[in-house]
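First up is the structure itself, then whatever we jot down about it.
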Amino acid sequence: MPGHASEEEFDAVYREWYPRLLARASMVCGAQRALASDAVQEAFTRCWLRMSDPDSAPVRNWGAWLAKTVLRQAIDLRDRHSDTTSLDDFEQSGRGPELAELMDVKEGFVQVCTAIASLPTRQCEVMALYYLAGLSYAEIADMLRIEESTVRKHRSDAGKKLEPLAVTLRQQGLLHTEGGEQR
């Protein structure tokens, strides 16, 4: 209910969505983890303000609202800080003994992040908004201020470049088949 959000309600939304939103923002920001983290924190700040505002319209699906907000923030931050760092130069902390399955997932995720981050800017944005935020072509076109046909072209071109990673993308949950069509 707008204007009546409790800390517990906000904390529950935060706990549920933070990891997924950080992963999505990381896909847009590439190796710039600080930017991804900033985008997520800004989205949650806006979430708290929206939950606490008695005059705001109710939000039916906080996950979708946060996904759109965090991706907008990630795109904006990435564009403002365009001096990117390669994932190869990124030092990973907290390394310790991990199970082989966790390493496979981690390596696959890094591979997918690297591939998506290496796409041209518009293709990267379209892929993140389409696959990670689950937005429609029309919503992406509106958000990026381009034609819907241009969105389809960017997704198609990016899909062709990422085809060698299709198995990994499916394992990461970023590529699904719906009615025989890849999504």
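Sorted from largest down, what three extents in whole angstroms do the Cα atoms of region 1-70 have along their principal axes?
Rounded to whole Å, the extents work out to 38, 20, 17 Å.
In region 50-74, which residues have a backbone nitrogen under 13 Å from the label point lying 7 Å from residue 12's Cα in the Cα-to-Cβ direction?
62
Mind ranking 140-147, 22-29 by how tightly packed they are, going by the mean number of other C-beta atoms within 10 angstrom, highest first?
Highest to lowest by the protection proxy: 22-29, 140-147.
Length gain on complete extension for the stretch residue 52 to residue 145, per 0.36 nm per residue less the alpha carbon to alpha carbon distance?
My answer for the length gained is 30.4 nm.
Between residue 138 and residue 110, with labels modelled 7 Å along Cα→Cβ, what's the label distance in nm to one decimal, could you check?
Here the modelled spin labels are 4.2 nm apart.
We did not get these values from a lab; they are worked out from the coordinates using the rules stated. All values reported here derive from a predicted model rather than from experimental measurement. Quick reminder, even Gly has a Cβ in these numbers, built from the backbone with ideal geometry, and neighbours come from all protein chains shown.
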